[in-house]
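What follows is one structure encoded as structure tokens, with my remarks underneath.
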Amino acid sequence: MKVMILSSLAYSLTNFRGALLEEMVRNGHVVVAGAPDRDAQVEQKLEAMGVAYRCTPMARTGTNPLEDILTLFRYARLMYRERPDVVLAYTQKPIIYGGLATRIYGRANYYALMTGLGYVFSPEASSRNLFRKLVSLIYREGVRKAKAIFVFNRDDRNDMLDAGIIDPDDTVIQVPGSGVDTDHFAEQPLPTGPLTFLMVGRLMRDKGVYEFVEAARHIKALHPNCRFRILGRLEENNPTGISPDECRTWSEENIVELLPETRDVRPYLAEANIFVLPSFYREGLPRTILEAISTGRPIITTDLPGCREPVENGENGILVPPRDAKALADAMCTFIDHPERIAPMAKRSREIAVSRYDVNLVNDILLGHMGLKGSNKGTPALEKAQRSPPVHFDKAMPERI
């Protein structure tokens, strides 16, 4: 069969979906991937996998309806040109306009991979009720004919029902996030030296950057040897983006160390003792947390949908309330005051990554439900998937989510 993957960022095709694309090719399918930007390194990697790349221009963060109509037209034109049998879209605009374009095209099974509901459904946008209703309505039309909607956490289906995006009898399947390559993100020994807290995420207010900085400022006054590092890219066009001037001020005050954006976070995870993500963004299941637990690091994150999924509170990390810098600082101080707790939590994180979130397990689930699996019976990944099946929400029992 011919499979088309639609994304809002080329880099995510190899960084987040590379193993899935490779598995599709391995199962004998022709794979075409579309994203709105040109990235020579990504395109070379896709070509090496045997995946064709098609640039599909899109205003990723804009709300201009004319631009979005153009996106719909481009998607429909791409489908008529490529003739896919299956379309899989992820992130908001590809899901909406990919779903609508698939209905116009009319010859492909459509699947949506909800990696998170995004800014519009986050607390930061709670005052924009009219806009949220409009997005919900468009979302509903985008996924109305989807064969299945894959979600990353147990809260997504109820939130989509409450927003009117889906109906109770729509097929919604929970999978363990994007998965993580537990060989690539191999377990690393804990570093010696000053205790280091690392945050990885886009530099946005609703990712909890301010809370991280405030907690760091408090702890630095008491424990000046502790290190606080933030790795992420600026999002100046995002409604909650943090300005470069603020970032420079934090660096000059020696509160946090801002690390340059990278395509390989492994060295920074290896240098950290604790991974921190104080996000109150409407996450699906943050890939950064999965990479951190695979590396074998305790987690401090918020007790919110998505973030809390991979954390057994007190066993491999600590859950804190959102927007609470004091609670975040207290959680950090737990590891400062009781460093003996770090190694056992690190070990448990690695165990959780291998047993629940291995990317091969996730890919088996996705390909199986899309009817794209070849004759891979008896593979270790499939055996894992059979031991830990996905949560398939019974249409007759919607309360199970």
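The values are calculated or read from the model by the stated rules, or taken from the named source; none is laboratory data. For clarity, every value in this text was computed on a predicted model and none was experimentally measured. Because the Cβ atoms are built from the backbone with ideal geometry, glycine has one as well, and the counts that use them run over all protein chains shown. What goes into the accessible areas is simple: the full protein's heavy atoms, side chains included, and nothing from ligands, DNA or RNA. Shrake-Rupley method; radii C 1.70, N 1.55, O 1.52, S 1.80 Å.
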- Scanning the stretch 1-56 for residues that are touching a helix residue (DSSP H, G or I) at 6+ places or on another chain (Cβ under 7 Å) and among the hydroxyl-bearing types (Ser, Thr, Tyr) gives Ser7, Ser8, Tyr11, Thr14, Tyr53, Thr56
- Message: Residue under question is Ala272, and the condition is that it be modelled with pLDDT of 95 or more, of a type outside the set (S, T, N, Q), surrounded by 15 or more Cβ atoms within 10 Å (Cβ to Cβ) and under 30 Å from Asp159 (Cα atoms); does it hold?
- Response: no
- Note on the structure: By residue number, the members of the stretch 10-25 that are within 23 Å of Tyr105 (Cβ to Cβ) and open to solvent by 30 Å² or more (accessible area, probe 1.4 Å) are Val25
- Message: So for the stretch 260-267 (the condition being touching a residue at least 40 places away in the same chain (Cβ under 8 Å), part of a strand (DSSP E or B) and buried (at least 16 other Cβ atoms within 10 Å of the Cβ)), does at least one residue qualify?
- Response: no
- Note on the structure: Picking from Gly28, Gly34, Gly50, the residue that is of a type in the set (Gly, Ala, Ser), in contact (Cβ under 8 Å) with a residue 24 or more places away in the chain and buried (at least 22 other Cβ atoms within 10 Å of the Cβ) would be Gly34
- Task: Scan the stretch 227-253 for residues that are of a type outside the set (Ser, Thr, Tyr), in contact (Cβ under 8 Å) with a residue 40 or more places away in the chain and touching a strand residue (DSSP E or B) at 6+ places or on another chain (Cβ under 8 Å) and jot them down.
- Result: Arg229, Asn238, Cys247
- Note on the structure: Inside the stretch 131-165, the number of residues satisfying the requirement of being open to solvent by 50 Å² or more (accessible area, probe 1.4 Å) and closer than 16 Å to Ala89 by Cβ is 6
- When the stretch 201-237 is examined, which residues are found to be among the aliphatic types (A, V, I, L, M) and open to solvent by less than 20 Å² (accessible area, probe 1.4 Å)? Leu203, Met204, Val209, Val213, Ala215, Ala216, Ile219, Ile230, Leu231
- Query: Restricting attention to the stretch 336-354, which residues are open to solvent by less than 70 Å² (accessible area, probe 1.4 Å) and either part of a strand (DSSP E or B) or more than 20 Å from Glu291 (Cα to Cα) (or both)?
  - Reply: Ile336
- Output the number of the condition that Leu304 fails; it satisfies all remaining conditions of (1) farther than 26 Å from Leu88 by Cα; (2) modelled with pLDDT of 95 or more. (2)
- the stretch 293-335 - residue that is touching a Leu at 6+ places or on another chain (Cβ under 9 Å) and among the acidic types (Asp, Glu) and, of those, farthest from Phe185 (Cα to Cα): Asp303
- Query: Exactly one of (1) over 25 Å from Thr301 (Cα atoms); (2) in a helix (DSSP H, G or I); (3) at pLDDT below 95 is unmet by Ser375. Its number?
  - Reply: (2)
- Message: For the stretch 279-306, give me the residue count where each residue is part of a loop (DSSP other than H, G, I, E, B) and under 15 Å from the mean Cα position of the chain (by Cα).
- Response: 11
- Task: Tell me which residues, restricted to the stretch 320-333, are open to solvent by less than 40 Å² (accessible area, probe 1.4 Å) and free of Cβ contacts under 8 Å to residues at least 40 places away in the same chain.
- Result: Ala327, Ala331
